[in-house]
Ligand SMILES: [Zn+2]
């Protein structure tokens, strides 16, 4: 079997975000419609090399020379990342707020389940269907028998959750518009270029 180079680009973002994007994309069961399929490319090396926006050919050459079959994928920066969104303090604050709300939502169920497990009672009763569930088996926020939402959530929890979901949706939209306006004003979008060498 021969080898071929595959690549993708990603708008400028932190190395942590690049890594998590790569991990998602390279999962072996990730459904990719691209011809450049990164399924199973296990590792990513992030190079310190930074290329100017008009040096994409140089960047391509560098990546081709430095990626090998069965080796890790390699990423380089193209363009000025300091100009990338979020660039201003206001933009950074907006992104940070959105991330905080997202983190709250991501950890919501786990924190309620943890609270339940920390309570002294060994069993949890469902007020709706009357089932009694051993606390150590509680794995979800809804009743495993009747799926009642109030199983371990109080009315206050549910109201708070709804409020956070609404705030997050609003903040997501604010960030989306800020990003769009910012990107309209920069000609060459700074981005990551990631390449890997795979079986053909
Ligand atoms: Zn129930």
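The values are calculated or read from the model by the stated rules, or taken from the named source; none is laboratory data. Note that the structure is a prediction, hence the values are computed from the model and not measured. We place every Cβ from the backbone using ideal geometry, glycine too, and count neighbours over all the protein chains shown.
Of note:
- Search result, residues across the stretch 130-149 that are assigned to a loop (DSSP other than H, G, I, E, B), crowded, with 16+ Cβ neighbours inside 10 Å and either more than 9 Å from the ligand (Cβ to nearest atom) or outside the structural domain of residue 109 (by TED's automatic domain parsing) (or both): 138, 141
- Residue match in the stretch 120-129 (condition: surrounded by 12 or more Cβ atoms within 10 Å (Cβ to Cβ) and in contact with a helix residue (DSSP H, G or I) (Cβ under 9 Å, 6 or more places away or on another chain)): yes
- Residue count for the stretch 150-173, restricted to those that are part of a loop (DSSP other than H, G, I, E, B) and either more than 19 Å from residue 117 (Cβ to Cβ) or in contact with a strand residue (DSSP E or B) (Cβ under 9 Å, 6 or more places away or on another chain) (or both): 2
- Every residue from the stretch 174-200 that is outside any helix (DSSP H, G or I) and surrounded by 14 or more Cβ atoms within 10 Å (Cβ to Cβ): 186, 189, 190, 191, 192, 193, 194, 195, 196, 197, 198
- Among residues that are free of Cβ contacts under 8 Å to residues at least 12 places away in the same chain and near the ligand (Cβ under 8 Å from one of its atoms), residue 125 is not included.
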